[in-house]
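Contents: one structure, followed by commentary.
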């Protein structure tokens, strides 16, 4: 199978509370031929989360068995509490069907993906400011005061790595951010390397 028949791998990262999840959901609903890579995690479901929809929930023994079998594209111990990982096989299967794949991983995970998949397109979503991120974290009402302060501290470290990414979106307004991410994905889809087979087919109609 030629490279031009494969989809593209998009990696999106952001500090917790930056609106990344809402952004990803809108993209998946509004663009075709793109799928979301559902991560594996050892943490329990929260709120209305369902297995196989937001995450694949497994125990630590199962997770570490997957590590031993080299089944992850990347994995991390997030916040020192729970393990999260991206299974490699489903990603490859989707890409081979000429579908794009969207990965939602943190900065460490993005770095690992870029190391083994240098062709991956990395997008960082940044809050407009520290105070706006703090407001959003408090407004969503999911975390304790200690957790909020921890997330803000980690966010301060994560945003320093934004230059590692190919694209930066400052999420001031969700509609504008969706438009920007759509533009990135559509531009990548229009690269001549990806459109090679279609381009060649059109050239042949001119009597090549």
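The values are calculated or read from the model by the stated rules, or taken from the named source; none is laboratory data. Predicted, not measured: the structure shown is a model, and the values here were computed from it. Note: ideal-geometry Cβ built from the backbone for every residue, glycine included; neighbour counts use all protein chains shown.
Close contacts from the stretch 97-112, counting a first residue that is on the phi > 0 side of the Ramachandran plot and surrounded by fewer than 19 Cβ atoms within 10 Å (Cβ to Cβ) and a second that is at pLDDT below 95 and not in a strand (DSSP E or B), with Cβ to Cβ under 6 Å and a gap of 6+ residues or different chains, come to 98/5; 98/7.
Filtering the stretch 39-75 to residues that are within 19 Å of residue 99 (Cβ to Cβ) and touching a helix residue (DSSP H, G or I) at 6+ places or on another chain (Cβ under 8 Å) leaves only 73. Take the stretch 10-37 and flag every residue that is in contact with a helix residue (DSSP H, G or I) (Cβ under 8 Å, 6 or more places away or on another chain) and over 27 Å from residue 128 (Cβ atoms). 35, 37, listed by residue number. Within the set 151, 117, the sole residue that is at pLDDT 95 or above and farther than 24 Å from residue 29 by Cα turns out to be 117.
Summed over the stretch 20-30, the residues that are touching a strand residue (DSSP E or B) at 6+ places or on another chain (Cβ under 8 Å) and surrounded by fewer than 19 Cβ atoms within 10 Å (Cβ to Cβ) give a count of 2.
Residues are listed down the side, and each one gets a yes or a no for (1) farther than 21 Å from residue 129 by Cβ; (2) in contact with a strand residue (DSSP E or B) (Cβ under 8 Å, 6 or more places away or on another chain); (3) surrounded by 14 or more Cβ atoms within 10 Å (Cβ to Cβ); (4) touching a residue at least 60 places away in the same chain (Cβ under 8 Å):
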{"residue": "154", "(1), (2), (3), (4)": "no, no, yes, yes"}
{"residue": "157", "(1), (2), (3), (4)": "no, no, no, no"}
{"residue": "162", "(1), (2), (3), (4)": "no, yes, yes, no"}
{"residue": "166", "(1), (2), (3), (4)": "yes, yes, yes, no"}
{"residue": "172", "(1), (2), (3), (4)": "no, no, no, no"}
{"residue": "176", "(1), (2), (3), (4)": "no, no, no, no"}
{"residue": "185", "(1), (2), (3), (4)": "yes, yes, yes, yes"}
{"residue": "193", "(1), (2), (3), (4)": "yes, no, no, yes"}
